[in-house]
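A.B. asks: Okay, handing you the structure first.
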Amino acid sequence: MITKDENFVRMAQSVDRVVEKNQVVWSHVNSFSNNVTSLQELLKALSDNKQTTQQKSTGATLDKLRAEDIAINSGVNLAQRASVYALDNNNMQLYNQLNVHKTELKAMHDNNCIAQLKNIAALLSPIIGDLNNYGVTATELQQMKSDTNAYETILNLPRQVIVERKSNNQVSKEIIAQIRFVLMKMDKQINIFADSQFEKEYENARIIIDLGGRFEEDDDDSNEVLDE
């Protein structure tokens, strides 16, 4: 959500607090009361949509990190065990290829890390029959391959979340447009309560103050009051 929209939502929330505080003043005016209900429902829908987006993004990132840790641990453990086999057989080329460390893999780009894990599996597969005495079994190698595949598969989840976030942002824009319409109707009715403290508080709440916060395009409105 761009800063302009965030400032608008803060204003709408401020209006909601004012009308909630002054319920006794307007509750007998049915049409105004209906608009207040609509405003509150729309603000809740907006909050729920934002919370859902954040939860999906956080969850996908945590899942990716877990899958990464499992795959790296699995691959490095087998590689380190098998590197002893390489030393015992004076195969320094194989030893150098298998002498990998967790910190090294974690520092790599995801795709490079996956390529390295797949390379380890490819190196171990032809000699798996000779590695039993070194603590590397065919079952463990297959599990390592599965862990690597799971890591690779889950890499797509954050990208999917980005697509979903764009969709959710569109939903937010549609809800904000509805809030604008509801506030416009409330603006036209506020003179029912002319010269009251409620009217003054309402009009003060309807001022949008540009709180800034970050640089984004289309963020050029400050001290804006919504057109009636």
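Just so you know, all these numbers are worked out from the coordinates, no wet-lab data involved. The structure presented is a predicted model; accordingly, all values stated were derived computationally and were not measured. In this analysis, Cβ positions are derived from the backbone assuming ideal geometry, glycine residues included, and neighbour counts consider all displayed protein chains.
A.B. asks: Considering the dipole of segment 1-139 built from charges on the beta carbon (Lys and Arg +1, Asp and Glu -1) around the Cα centre, which of Asn90, Asn111, Thr37 is farthest to its positive end?
C.D. replies: Of the candidates, Thr37 comes out farthest on the positive side.
A.B. asks: Here's a follow-up. Quick query: amide H of Ile208 versus all other amide H atoms, modeled in the peptide plane; which residues come in under 5 Å with a sequence gap of 5 or more or a different chain?
C.D. replies: Long-range HN contacts for Ile208: Glu224, Val225, Leu226.
A.B. asks: A further question follows. Only Lys, Arg, Asp and Glu count, each charged at its Cβ (+1, +1, -1, -1), so figure out the dipole size of segment 31-156 about its Cα centre, rounded to 20 debye.
C.D. replies: Values: 10 positive and 12 negative charges, 52 e Å.
Dipole magnitude for segment 31-156 comes out near 240 debye.
A.B. asks: Using r as the Cβ-Cβ distance of Asn34 and Gln197, and R0 as 30 Å, what FRET efficiency do you calculate, to the nearest 0.05?
C.D. replies: Details: r = 23 Å, r/R0 = 0.75.
Computed FRET efficiency for Asn34 and Gln197 comes out at 0.85.
A.B. asks: Can you work out the Karplus-derived ³J(HN,Hα) for every residue in segment 136-144? Use 6.51 cos²θ - 1.76 cosθ + 1.60 with θ = phi - 60°, whole Hz, and x for glycine or proline.
C.D. replies: Ordered by residue, 3J(HN,Hα) equals 10, 10, 4, 5, 5, 5, 5, 5, 4 Hz.
A.B. asks: Here is a further query. Give, in nm to one decimal, the length gained when the segment between Arg81 and Ser27 is fully stretched (0.36 nm per residue of separation minus the Cα-Cα distance). Walk me through the numbers on the way to the answer.
C.D. replies: Values: separation 54, 0.36 × 54 = 19.44 nm, distance 7.53 nm.
Contour length minus the Cα-Cα distance gives 11.9 nm.
A.B. asks: Right, something else. Using the Karplus equation 6.51 cos²θ - 1.76 cosθ + 1.60 (θ = phi - 60°), what ³J(HN,Hα) coupling, rounded to whole Hz, does each residue of segment 193-202 give in order, writing x for Gly and Pro?
C.D. replies: 10, 3, 6, 9, 5, 4, 4, 5, 5, 4
A.B. asks: Further question on the same structure: Decide, for segment 83-145, between rounded, prolate and oblate: order the square roots of the alpha carbon gyration tensor eigenvalues as a ≥ b ≥ c, take rounded if a/c falls under 1.5, and otherwise choose prolate if a/b is larger than b/c, else oblate.
C.D. replies: Numbers: a/c = 2.25, a/b = 1.40, b/c = 1.61.
Note, shape of segment 83-145 comes out oblate.
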